[in-house]
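Note sheet for the following structure.
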Amino acid sequence: MKKVTICKTVFIALLLSSCNGQNNPKPQVKNSGIVGGGCDGCELMYIGMTKEIPSVSTSPGWSEKGQKLIVTGTVFQLDGKTAAPNVIIYYWQTDNDGYYSPKPGMNESIKRHGHIRGWVKTDANGKYMIKTIRPAPYPNDVLPAHIHLSIKEPDVKKEYYTDEINFDDDKLLIAYKKKHLPENRGGSGIVRVLLKDNLQIAEHDIVLGLNIPNYPKKTTALIHSGLNIGEDQPSFMPFHAFGPDKGTQTCPVCKYGRYHGIIYFVGNNPDWEAIKKWLSFLEKESEKRRQYLKVYFVYGNSKNYIKSKRQFELENLGKLLRIKNTALTFVPSFSDKVTNAHLNKINTKAKNTFIIYKHRSIVDKYINLEPTDVNFKMISNVLDKTQGEYFDLKEPEHD
């Protein structure tokens, strides 16, 4: 996660405790059998840890110069839906100048983490909050600014690191991620920054064990389709046959990823009566939540695919159901790389796959869901639940 760099002078090295690249939590020995694969420096979380850890932590940086930042979210069990209480999150970061700056009297072994470090423990509902400042990137480096996180679960013996927190408005982020694909350990670490007066707020949920090597707990899902809750919904370019962007190839999350989105995938086994019922319900939700919700039907049947025929088929469906808000789209198949449909990892044998995302991050998922009143209510309740208290806040302007 961090490259090794050479400090320019011994003086700077002593002053800052170490070089920019000192804090790589990646394990030195892979396939070790240890939960998380091992972690270089995560054991430092126990130095200075108090017996009682609150669910709201105020870092030493909160009172220093820099942009005030609140990081808040929910920690979930591996299913991405069950809240996880009593989980300790240890965080450490650079200061406003991009250094892990120590303070006089600090324990020598933790100086490389700097003085802006701390702990927070999730409450009974899995919630946590960290009040800190926005970290600065390392001086004269290509790495985007970040906050390191390591996790200690109450019933898992070994601590492990998750993806570091990165910020979607960081100009260094896109170029770096093109060369260094995220591991999505614990879910996506890319947060969307929101503005509240002079504060920046970033929501960051964590899914315990997700993409963590040697994790002792397993999921009980009988069928898999789509990416995991906690990961980012990928960009892809379906053909829009009917709805707001008819006649175009428009990426759902690129254009409309600011708030809520539902992507309803159907593959090689379409049940058109069920599809009609689902689309009628989703159209009503789109109308009710017009300001904050975008819904997409993505048809990926690879059998007898002819683009003009598929276009005509969905156009007729849209007219029949009087669709106005929901986008009816299609791709040649869910393995198609031209439209990047393959990035969704949809199981073509599944009757349907529902992906619900907020700020591009997947917050819920359902497979083989029948169009019943109970399931309609469940989807509606999920949208209410995941909306959150910061839904109406503005984003900073950025590319």
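The values are calculated or read from the model by the stated rules, or taken from the named source; none is laboratory data. These numbers were taken from a predicted model, which means no experiment stands behind them. Glycine also receives a Cβ, built like all others from the backbone with ideal geometry; neighbour counts cover every protein chain displayed. Keep in mind that these areas ignore ligands, DNA and RNA; they rest on the heavy atoms of the full protein, side chains included. Shrake-Rupley method; radii C 1.70, N 1.55, O 1.52, S 1.80 Å.
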Could you list, in sequence order, the residues of the stretch 276-299 that are in contact (Cβ under 8 Å) with a residue 40 or more places away in the chain and over 25 Å from the mean Cα position of the chain (by Cα)?
-> Lys276, Lys277, Trp278, Leu279, Ser280, Phe281, Glu283
Scan the stretch 49-67 for residues that are assigned to a strand (DSSP E or B) and either exposed (fewer than 14 other Cβ atoms within 10 Å of the Cβ) or over 22 Å from the mean Cα position of the chain (by Cα) (or both) and report the count.
-> 1
Output for the stretch 215-234, where each listed residue is touching a Lys or Arg at 6+ places or on another chain (Cβ under 9 Å) and either farther than 24 Å from Ile190 by Cα or open to solvent by 50 Å² or more (accessible area, probe 1.4 Å) (or both) = Pro216, Ile223, His224, Asn228
Here, strands (runs of 3 or more DSSP E) confined to the stretch 101-193 with at least 2 residues that are open to solvent by 20 Å² or more (accessible area, probe 1.4 Å) and at pLDDT 95 or above are 117-121, 127-133
Looking at (1) within 23 Å of Met237 (Cβ to Cβ); (2) in contact with a helix residue (DSSP H, G or I) (Cβ under 6 Å, 6 or more places away or on another chain); (3) of a type outside the set (D, E, K, R), which is the one condition that is false for Pro371?
-> (1)
Please find, among Glu283, Glu273, Glu287, the residue that is in a helix (DSSP H, G or I), surrounded by fewer than 22 Cβ atoms within 10 Å (Cβ to Cβ) and in contact with a Ser or Thr (Cβ under 9 Å, 6 or more places away or on another chain).
-> Glu283
For the stretch 342-373, how many residues meet the condition of being over 15 Å from the mean Cα position of the chain (by Cα) and either under 19 Å from Thr220 (Cβ atoms) or among the charged types (D, E, K, R) (or both)?
-> 13
Could you please give the count of residues in the stretch 235-248 that are open to solvent by 20 Å² or more (accessible area, probe 1.4 Å), closer than 13 Å to His342 by Cβ and over 19 Å from the mean Cα position of the chain (by Cα)?
-> 1
Answer yes or no as to whether Leu321 is modelled with pLDDT of 95 or more and either closer than 14 Å to Phe265 by Cα or crowded, with 19+ Cβ neighbours inside 10 Å (or both).
-> no
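Condition check ((1) part of a loop (DSSP other than H, G, I, E, B); (2) over 13 Å from Gly300 (Cβ atoms); (3) open to solvent by 10 Å² or more (accessible area, probe 1.4 Å); (4) in contact (Cβ under 8 Å) with a residue 12 or more places away in the chain) across all residues:
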{"site": "Asn325", "(1), (2), (3), (4)": "yes, yes, yes, yes"}
{"site": "Leu328", "(1), (2), (3), (4)": "no, no, no, yes"}
{"site": "Pro332", "(1), (2), (3), (4)": "yes, no, yes, yes"}
{"site": "Ser335", "(1), (2), (3), (4)": "yes, no, yes, yes"}
{"site": "Lys349", "(1), (2), (3), (4)": "yes, no, yes, yes"}
{"site": "Lys365", "(1), (2), (3), (4)": "no, yes, yes, yes"}
{"site": "Glu370", "(1), (2), (3), (4)": "yes, yes, yes, yes"}
{"site": "Glu389", "(1), (2), (3), (4)": "yes, yes, yes, no"}
In the stretch 253-270, residues that are of a type in the set (Ser, Thr, Tyr) and assigned to a helix (DSSP H, G or I) total 1
Qualifying position, being in contact (Cβ under 8 Å) with a residue 40 or more places away in the chain, out of contact with any His (no Cβ under 9 Å at 6 or more places or on another chain) and on the phi < 0 side of the Ramachandran plot, among Pro139, Pro144, Pro135, Pro104 = Pro139
